[in-house]
1. Could you calculate the FRET efficiency of Asp333 with Asp82 from 1/(1 + (r/R0)^6), where r is the beta carbon distance between them and R0 is 51 Å, rounded to 0.05?
2. Tell me which of Ala176, Phe242, Ala266 sits at the most positive position along the dipole axis of the stretch 156-279, charges placed on C-beta atoms (Lys, Arg +1; Asp, Glu -1).
3. Taking Lys632 as the anchor, which aspartates and glutamates have their alpha carbon closer than 14 Å to its alpha carbon, excluding any fewer than eight residues away along the same chain?
4. To the nearest 20 Debye, how big is the dipole of the stretch 1-516 about its Cα centre, given +1 on the beta carbon of each Lys and Arg and -1 on that of each Asp and Glu?
5. Multiplying the sequence separation of Asp551 and Thr237 by 0.36 nm and subtracting their Cα-Cα distance, what value in nm do you get?
6. Using 0.36 nm times the number of residues separating Asn521 and Ala276, minus their current alpha carbon distance, what extension gain do you get?
7. Note down the relative contact order for the chain as a percent, whole number, built from C-alpha pairs under 8 angstrom at least six residues apart.
8. Kirkwood Rh over Cα pairs of the stretch 334-457 into Stokes-Einstein at 25 °C, 0.890 mPa s: D in µm²/s?
Amino acid sequence: MTTVPAPPPDNPPPAMSSRGSNAADPVVGGRIAGKFSGRPDTRRRFIRAMPIGLLSYGPMLSSPMRASLAAQVTGPVLGPEDDGFAAECAPFNLAVTHRPAVVVGAESSGDVQAAVRFAAAHGLPVAVMATGHQAIVPADGSVLVTTRRMAGVGVDPEARTARVAAGAIWQQVVDAAAPHGLAPLNGSSPLVGVVGYTLGGGLSPTMGRAHGWASDHVTSLDVVTADGVLRHVDAATEADLFWALRGGKSNFGIVTAMEFALFPVARLWAGGLFFAGDDAAAVLRAYADLTATAPDALSSSMAFLRLPPLPGVPELLAGHFTVHVRISYLGPDQEGERLVAPLRAAAPVLLDTLGPMPYEDFARIHSDPVDPAPFSEHTALLSSMAPGAVDEILAAAGPAADCPAQFVELRHLGGALARPADNAVGNRDALFALWIVAIGMPDDLGPQIAYADAFLARVRPWSTGGRYLNFIAAQNTGAREVRASYDEAAYHRLREVKRRFDPHNLFRLNHNIPPAEDPMNDDTLQLIVDRAAIADAVHRYAAGLDHGDADLFVSSLTEDATVDLTPATTKIGLEFPVLTPRRTVVEALIPTVGPLDTSHVISNIRTTVDGDTAKLSCYAMAQHFPAGEGPKPERTRHALMMNRYDADLVRDGEAWRISRLVIDSAWFSGDPSVLLPGG
């Protein structure tokens, strides 16, 4: 087992070097879009410079409460008034400001357990953050657990697996695996957290089409669930939770460690092609042709870039509309050259960085930003790159478009990404992920957000209706958008797993999956009890008549009860008054029916409960024989009735009582005179 220590926890990870690259290459270090490139203390500077209004925080815990938590945790426990609190809460994507009640800088699984138990005991939600590249729901009023200090990485070259702690980033894994000729299904940025990326599916731009989603290759997870228990889950242990975590993000607990497969890849044929924006149409059509027949070994994407002239943005790109095609190929170099030849011929190439590349230099393919910045994300999944879709994309983001977004990307899916797997990652039928990114704070991005909404509407005819979870940002974390990230059956299963492991939705400050409603919650249980008690009132009424039991009969009625038999008695030629109140009902029916040999059978009971009142309907079949003749075989007279009961009832403490009963006849057989006194 080879292990790589975590980077120092109090410093942001250093910018990744580009081993063996040309120092004049404008994409060196992955800094083509970094607004604050070359300034490793940007996070702290940005926080110190933020308006004071952005640093107002949610409910504060008392000092004794926080002290009790700190006594159980080895890492820092900070409140809003503490030095270092803002820096501890700051994400990479500065579009979201977190205002937790307390932040716990976890150094171990035990720290995570203590934080979760504390949150549950005090009725606070729990949020988790490693690097914070994805701007999701603000962690206001929560217990925020940061995991960047838990960043160890180990590689087992014989098993071809890596085991990482909660806060590890992808460059650590790549660096640990590369000496053994192995590589993971990492993302485009070396600075993104391994766990969050993988739990969201994990779309690798280097080998995704060849090997599938990163979630597909996770072999085990250690997770702290809402009860504060640390569980080790895999395909054989807590299989439902293992299934849900892989694709369910942070909905089911805080993952403290993860093991996953590595692949025998030491080098890529990879890099990028840059074109002038005026050539976007020719390049996009050539890219559509390439992806239509691309082998699974080829993973690629295409981005329309409108980067501002800011420090760190190369002169080639700053203030210009450019097109960047990214390529990663696992096959022979000559085959890679053949595959991209039509792209190179589509238009003049401004910069060509394609060629053999050590896997550890993967960051050069996309050249993602290395410094924190605020940005907004919007996404859709497309079923094809048909000519109509190409035309709409060009109309929305091409050279003639009024496009206020800095970044519009199409990422090729399909291949192994379409293969089924036993986890929650859905939408495997999509062939492209569309991703729109605008730089700036949300309050300043009204035109960009409106543009993104209009863009997604334009391509709706080619949309699958799905979403890729890792591209869904804060403004699109509603129930409809999250649900669109999953297949229908998977979403319902996720809600059931959520109900089992987090019934109170402690982990809700995320792409939230609400727990399924408990079929036996308090309201449901009360309804079942009420329906049984209402049915018992009718049974007491009938049994009181059958047995001539005045006390039992009285217990079924309210003091002001009304019993109306006239709809039934009129049909059989008898006259019977409406009876009210209870005393009159008892005095009229017990002496009349009680002496007879009767038997009432109540059926088809239906009830509607509204607080302390209810309505009931049922059938009552009643056989009547003269007193003492019921058991005699030679009996000749009877009155058999099938009646409809419609009743109003009220709650009286634990019992229900009939306040109004109307009896109508469905059919009658026999001699009505049996029902008369002395009959």
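1. Working: r = 55 Å, r/R0 = 1.07.
Taking R0 as 51 Å, the efficiency between Asp333 and Asp82 is 0.40.
2. Value computed over the given set: Ala266.
3. Within reach: Asp597.
4. Numbers: 40 positive and 48 negative charges, 111 e Å.
That gives the stretch 1-516 a dipole magnitude of about 540 debye.
5. Numbers: separation 314, 0.36 × 314 = 113.04 nm, distance 5.88 nm.
Gain in length upon complete extension: 107.2 nm.
6. Numbers: separation 245, 0.36 × 245 = 88.20 nm, distance 6.12 nm.
82.1 nm is the gain from fully extending Asn521 to Ala276.
7. Values: 1585 pairs, mean separation 82.4, N = 679.
Reported as a whole number, the value is 12 percent.
8. Details: Rh = 17.3 Å.
This corresponds to a translational diffusion coefficient of 142 µm²/s.
Read-outs: derived from the displayed coordinates by stated rules, not from any lab. Everything numeric in this text was worked out from a predicted model, so none of it was measured. So basically every Cβ, Gly included, is an ideal-geometry build from the backbone, and we count neighbours across all protein chains shown.
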